[in-house]
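First the structure, in the form of structure tokens, and then the observations on it.
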Amino acid sequence: MPEARETQLEIDLEALAHNYRFIRSKISPEVKFMSVIKAYAYGHDSVEIAKKLEELGTDYFAVAYTVEGVRLRKAGISKPILILHPQPVNYPEIIENCLEPNLYSARTLQLFIELAEKQNQKNYPVHIKFNTGMNRLGFTEKNFEEIPSKLKITGAVKVASAFSHLAASEDWQERDFTLHQINRFQKLAEMLLDHLDYRPVFHICNTSAIFNYPEAGFDMVRSGLGLYGFSNDANLDKKLKPVGTLKTVISQIQDLEEGDTVGYSRAFKAKKSSRTATLPIGHADGIKRIYGHGKAGVFVNGKYAPIVGNVCMDIIMIDVTNIACKEGDEVIVFGGPQHVTKFASAGATISYELITGISQRVKRVILQ
């Protein structure tokens, strides 16, 4: 592939296809697959990612907020789209764009039913969230009766799925808690079925649970991070392919003498004759200040170059004293020789936060 000539995030759709097929191979053929593409497809490109996943045969999409679903619809995505955390103010837009809301409380269920009835909707697909221990959103056993009491007096909505979210499916030390969540979900699912004359889709597995708790596949599984090439297991990471590679270029090289300083607050001071390279990427692009002062680094012509001084809004500086390089050379921030998780850990964070934080001003380059 051609070398980068500016800061860009390369998105490898073949890597995405590999991950999708690998994860799908771990579930039963009759189990549906929901692709989670919230947060701009975890910082990649939600439209391009969705188009490829639709081509690959995903059954459902999930995003966090209504605006994300609308963007997909306007781009021509036709598969069902679950809105995981819709706000009632957006319910008209949800219906207008044939999106499917998660209704997680008596209030949200009532408000959506009222709007659906006002618009003369029939069997509009909605999703019911159960709180089995995450304690963020969802109905519990204590307020379960709010669901059938509202559903039985309306024909405006129909439950497309009921689901929950596991809090620690990647952590074997929390196995008892995870099994407790799965059992609680099973009980709530059976309670719901007692009040319906049809069967909705049930799902609780996220990426980690797909591998660690295959018996909990129910009718559908959800995968987000795994699609983009990461998991919470180092051995599993070896079987997945990172979809994104963040690259930039050397704008200028500075020759320093002993005592010269670099950047804001003169945070780096040369202890000897040195060379630094200036790169057009900074904390406004997602490379936070925590990565400065040598905590993290990048790769230039196959060699590691630590970040020096403070990360600026639009610029970072790296030490290239012992690296043969020139202005215009390509630099790999993560991907290739440096796994995202390694770069993220240098900043005491996780891959989720790093990749979703890559600014949309960074050019996305799609590799077919």
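Give me the one-decimal nm value for the distance between modelled label points at Arg289 and Lys74, 7 Å along each residue's Cα-to-Cβ direction.
Simple spin-label model gives 3.4 nm for this pair.
Can you list the lysines whose alpha carbon is less than 21 Å from that of Lys295, not counting same-chain residues fewer than 8 positions off?
Leaving aside lysines fewer than 8 places away in the same chain, those within reach of Lys295 are Lys247, Lys269, Lys271, Lys272, Lys303, Lys342.
Using Cα pairs under 8 angstrom and six or more residues apart, how large is the relative contact order of the chain, in percent?
19 percent.
What number comes out for accessible area per residue over the chain if the probe is 1.4 Å? Units Å², please.
Dividing the accessible area of the chain by its residue count gives 45 Å².
Magnitude of the Cβ-charge dipole of the range 117-253, K/R +1 and D/E -1, about the Cα centre, nearest 20 debye?
Here the size comes out at about 540 debye.
Rounded to the nearest 500, what is the 222 nm mean residue ellipticity of the chain from helices alone, with -39500 (n - 2.57) per DSSP H run of 4+ residues and division by all residues?
Per the formula, -8000 deg cm²/dmol.
Separation of the range 190-218 and the range 118-174 by C-alpha centroid, Å?
One Cα centre to the other: 12 Å.
Determine the relative contact order of the range 224-368: mean sequence separation of Cα pairs under 8 Å and six or more apart, normalised by residue count, in whole percent.
So the answer I get is 24 percent.
Please identify, among Leu227, Leu82, Leu246, the residue showing maximal mean-square fluctuation in a Gaussian network model of the chain using a 10 angstrom Cα cutoff.
Among Leu227, Leu82, Leu246, the largest mean-square fluctuation in the Gaussian network model of the chain belongs to Leu246.
Which shape class applies to the chain: rounded if a/c is under 1.5, otherwise prolate when a/b exceeds b/c and oblate if not, where a ≥ b ≥ c are the square roots of the Cα gyration tensor eigenvalues?
Prolate shape, in that a/c is at least 1.5 and a/b is the bigger ratio.
Report, for the range 2-143, the % of DSSP beta bridges that are antiparallel, rounded to 5.
DSSP beta bridges in the range 2-143 are roughly 0 percent antiparallel.
Semi-axes of the equivalent ellipsoid for the range 103-148, please: Cα gyration tensor eigenvalues, times 5, square-rooted, ordered largest first, whole Å.
23, 10, 8
Would you tell me the accessible area of Arg289, worked out with a 1.4 angstrom probe on the heavy atoms of the protein chains, in Å² to the nearest 10?
Probe radius 1.4 Å; accessible area of Arg289 about 130 Å².
Any chance you could give the angle, 0 to 90 degrees and rounded to 10, that helix 106-118 forms with the longest Cα principal axis of the chain?
Relative to the chain, helix 106-118 is tipped by roughly 70 degrees.
The values are calculated or read from the model by the stated rules, or taken from the named source; none is laboratory data. From a predicted model like this one, the values you see are computed outputs, not experimental measurements. Glycine also receives a Cβ, built like all others from the backbone with ideal geometry; neighbour counts cover every protein chain displayed. Note: accessible area is taken over every heavy atom of the protein model, side chains too, but ligands, DNA and RNA are not part of it. Shrake-Rupley method; radii C 1.70, N 1.55, O 1.52, S 1.80 Å.
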